[in-house]
Structure formats: structure tokens, C-alpha cells
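The values are calculated or read from the model by the stated rules, or taken from the named source; none is laboratory data. No experiment lies behind these values; they were computed from the predicted model shown. Note: ideal-geometry Cβ built from the backbone for every residue, glycine included; neighbour counts use all protein chains shown.
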């Protein structure tokens, strides 16, 4: 199904000449209309440009020249000084094949510019066009009196017919998986797809060159028979999606691409990758309005891809509607808004995934960001293992970060089916003894910092124990806090009154539900402890910020 949807998307894109691709140009060789070569211009990294040019992907040792856009060894017969005699002979053979192709094109089209290029390369010593910086792998185009011959319609038509003539005329007929027509499928899919982490020359979505990948005796691309036109279309579509910042998200070696059947103007990539509060608010406001029938029926497609050497592996595939994706994103952001006492702060999927690791670049598996992407865009449940990872990371670092707090809250509230149920469950969380113990721990930590100084903190020594087995440590912490409160009472009586009051209120709320502090907390309750601790810290930080702002 992925191939068919990509082909549909390719048909929506801007039409390009058949067998033309956008490629980088290293050198431009100027030719006069009478066939005199005027020299070459090397394009520095700053001046290089991409251009639609004739193209094919080569494999093996067969001489297979490309029209008017070629490597130096084909276009000029170039070889390095240290090249062997065998390599020099091979380069000359490639150059002759290139000249034969130019001659045939000039004869078939009658194009004067192509004839001028052919004359310039045939009637002069081509070594005179070898500048010192030239390399065999550099790509060259020709310009005649300011014109690129390969841009002419007759040249484009010739190239399409030339490539079509190269297609096999004999062989077993299959049904193309793309268009459903009977065809002799392409033996290899020529167009390489550049994907993060893949081979430098690009990767193939359909390919099998080892017995382990063959299926029912079918080799190479015959494992998924595709006609050459469909093979080119799906590759073009995927190349476009992977190059468009609004159509893909990359997390390490995972590339997540998405598109719609009909054109839509939503920057979904920005919303899930790096959501800005203003952008999110505009999105949420827009979703309150009436949706059009077009949005309701517009199909939405998403694929998770990762490279494996020179191949592309499809890790996940989703087909739904744009309306459902929008509804899922609304739930995603509203759940995030629960964190931080109503503070409107939003995190991208990679930031949330990375918060679960000490060093995400080295430790994180690519499927973890995919869990968050699928949850944000499709509402797929987050696995319970993520909650456990968040809890363990908090204990390892002795702190609760905002992204980890969001992860824990998403896991705990993801079963809520409505806005009302979500708010109800959140209010229940605030009354849970584990959440209250987290708040109390934040208060006790604050008391010690006020009494002794900001460098003295309970968190570094007791967070792990307090969040796992509160009963084993809270008795001691509360008694110790009374000593600190006695010191504060002598120096800052009003602050002593406030601190003593809030500690008493939280302890009363805990005792209203249980006789003593909980003996042991399960992972879900440890997450509530972390949320209570984080929530209370945020309240204190905000009060401090307001106080500073008032003094200024």
C-alpha cells in the first residue's frame, strides 16, 4: 500500500521531464555555437547549484553514459596522473560511448547546441579541458551561448525515448504492484533515495541482492515487481518528502514521513518536532472552529523508515484521516498543558524520548521516538515501559525535569477518553498519598535550603528512597525539618509560620487517607510522587519569579 500511496503523491508533484532528476553541478563547460570550447568554470561549495538533468543510476562495469550531465571520466575521458593503463583505457572507452550518445542525440533531434558540444569534444584534445582541480567523480554540464542544451524539449524527448529503448523487451511478465498493469518489471530500481544514516550514494526501498532476501526464487527488485515508471515515481515522491521540512521528522536513524491525499497547509512536522507555544495555541484555536468536509475526508499517510546499509526498512505504516490526526494532536497538547500548574510549555517528540536517557545520542533506540510520534499523531498508547524508564531516570539523576514530567503524565492520563475524564483523573492524582508525599518532600527540601543554604539539599541524598519507600525515610526527614524550622523561627518568623503551615496541611491530607506514610510505591505511584515533587517545585519557582519582578 505504501508504494501505491507514494505514486499517487508523485502524480501531485510538479511534473518533471521523464528520467530527469535534480542533481548537483560541479563544473560548467562553456561552448561557442560554432563548437569552440571556451574553457571550464569550477563551482565552489558556495556557488554549486542543483538542476534538473538527465540521469540514471549505474551499477556494474557496463558502459552506460548519461546525456549532457556526466562525470569527468565520461564527459572528458579524464583520469588521474597515477591511474593505471587499464584505468586510462577504460576512461577512453567511456568517453567514446559518451560521444556516440551525443552524436546520436544531435542526429535524431537536429539540435544545434548538442551538435556544438559534440564538435567541441571531438575536434579538440579533450585534455586541454582538464583543469588542475578536476576529479574523475566531478559532475559536468555544458552551456552553449548561455543555454543548457539538456533543457530543450527535443533533447528531453530524445532522452526519454533512449531510456525506454533500454528497457528489456523479453522476459517474464508480472503485475506491477504500483499501477496494477502487466509489465516486464525493472530489474533494479535506478533512483537512489538519500536517507539519514543510509549509504552515501543513497538507498533502495525495493532491492534484494543476497539469497537471504530472495523470495520464491525472485531476485533483485523482482521480489516486488514494479514497472520502471512506477519505480521512478515512488522514489521521486520519497525523495521529495525526505527533503521537505514540512513533511518529515528525523530522530537519529528514524525518518518519519507523512503526507495527505489532497494538499493541506498544516505544518505537522513543526508541531511534533519543535512546538512553539504561539504556534500550538493557533493550532488549538483553529481546531475549535468548524471543520470542512474536505478535511474530514482527506486521507493522511505516515511511514517510519530506517536505513540498513543500502536499503530502506519500513518500520511502521499508518493510513488514517487528517481530521483524526488533528484530534490526536489536540489531545496531545492539552495533556501537556496539565504539567506545570497551567504553564503553556510544549515539548517535541524527540525531546520527550531523549529525557529517558543519560546520553540519548548513544543509548536511545530508534523505536522510542516512534512511540511518541505515533501517540501524538495517531493516538497509539504509549507502552508502560516508558513510564518505568522515566521513573528510573528521575531516581538516577535525583531530579524531575519538565520533559520527564510530561512523559509520566502522558502515560498516566492516556486512557482518559474525554477532556472531563482527563481533568477528573488529574484532580484524583493531586489527592493521592504518593503525589502528596512528593509535595511534602519538595517542602522539606525547601525548609532545609532556607535554614542552611541553597547548597544543602535533601534531594541528592534521599530522592531515590523517598520516592520508592516513603515510610522508611519520611519520619526522619520530618523530625529533621522541625530542627530547621526552629532556626528559621528565630531569624524569619513570618516565613517560619508559612512553611510550618504548608507542611502541616500536606501531612494532614496524607493522614486523612492512610495512617502512615506508604511503605512501598509501585512504578505508577513513584511517577505520582515525581509529579507531586515537580508540581510543588514549579509553584515555588513561580512565586520567586513574581517576587523578583515586583521588586524590579
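Which is crowded, with 20+ Cβ neighbours inside 10 Å and free of Cβ contacts under 8 Å to residues at least 24 places away in the same chain, of 496, 463? Steps first, please.
Numbers: 463 fails: free of Cβ contacts under 8 Å to residues at least 24 places away in the same chain.
Result of the check over 496, 463: 496.
In segment 82-123, which residue that is in a loop (DSSP other than H, G, I, E, B) and over 43 Å from the mean Cα position of the chain (by Cα) is farthest from residue 17 (Cα to Cα)?
The initial filter retains those residues of segment 82-123 that are in a loop (DSSP other than H, G, I, E, B), namely 82-84, 110-111.
Of the ones still in play, those that are also over 43 Å from the mean Cα position of the chain (by Cα) are 84, 110-111.
Working: 84: 39, 110: 19, 111: 18 Å.
So, considering only residues that are in a loop (DSSP other than H, G, I, E, B) and over 43 Å from the mean Cα position of the chain (by Cα), the one farthest from residue 17 (Cα to Cα) is 84.
Being part of a helix (DSSP H, G or I), modelled with pLDDT of 90 or more and more than 28 Å from residue 336 (Cα to Cα): is that true of residue 241 here?
For residue 241, the condition - part of a helix (DSSP H, G or I), modelled with pLDDT of 90 or more and more than 28 Å from residue 336 (Cα to Cα) - is met.
Which numbered condition trips up residue 361, out of (1) touching a residue at least 60 places away in the same chain (Cβ under 8 Å); (2) under 19 Å from the mean Cα position of the chain (by Cα); (3) crowded, with 17+ Cβ neighbours inside 10 Å? Failed condition: (3).
Going by the conditions given, is residue 230 at pLDDT 80 or above, farther than 16 Å from residue 21 by Cα and touching a helix residue (DSSP H, G or I) at 6+ places or on another chain (Cβ under 6 Å)? Steps first, please.
Numbers: at pLDDT 80 or above: yes; farther than 16 Å from residue 21 by Cα: no; touching a helix residue (DSSP H, G or I) at 6+ places or on another chain (Cβ under 6 Å): yes.
No, not satisfied.
Only one of the numbered conditions (1) free of Cβ contacts under 8 Å to residues at least 24 places away in the same chain; (2) buried (at least 19 other Cβ atoms within 10 Å of the Cβ); (3) over 22 Å from residue 393 (Cβ atoms) is violated by residue 447, and that is (1). One residue stands out in segment 397-420 among those that are without any contact (Cβ under 8 Å) to a residue 40 or more places away in the chain and assigned to a helix (DSSP H, G or I): the one that is farthest from the chain's Cα centre (by Cα), namely 420.
Restricting attention to segment 307-326, does a residue exist that is under 22 Å from residue 393 (Cα atoms), at pLDDT below 85 and in contact with a strand residue (DSSP E or B) (Cβ under 6 Å, 6 or more places away or on another chain)?
So the first thing to find is which residues in segment 307-326 are under 22 Å from residue 393 (Cα atoms), and the list is none.
No, because not a single residue in segment 307-326 is under 22 Å from residue 393 (Cα atoms), at pLDDT below 85 and in contact with a strand residue (DSSP E or B) (Cβ under 6 Å, 6 or more places away or on another chain).
Residues in segment 249-271 that are surrounded by 21 or more Cβ atoms within 10 Å (Cβ to Cβ) and part of a helix (DSSP H, G or I): 268, 271. In segment 152-180, the residue that is surrounded by the fewest Cβ atoms within 10 Å (Cβ to Cβ) out of those that are in contact (Cβ under 8 Å) with a residue 24 or more places away in the chain and out of contact with any helix residue (DSSP H, G or I) (no Cβ under 9 Å at 6 or more places or on another chain) is 175.
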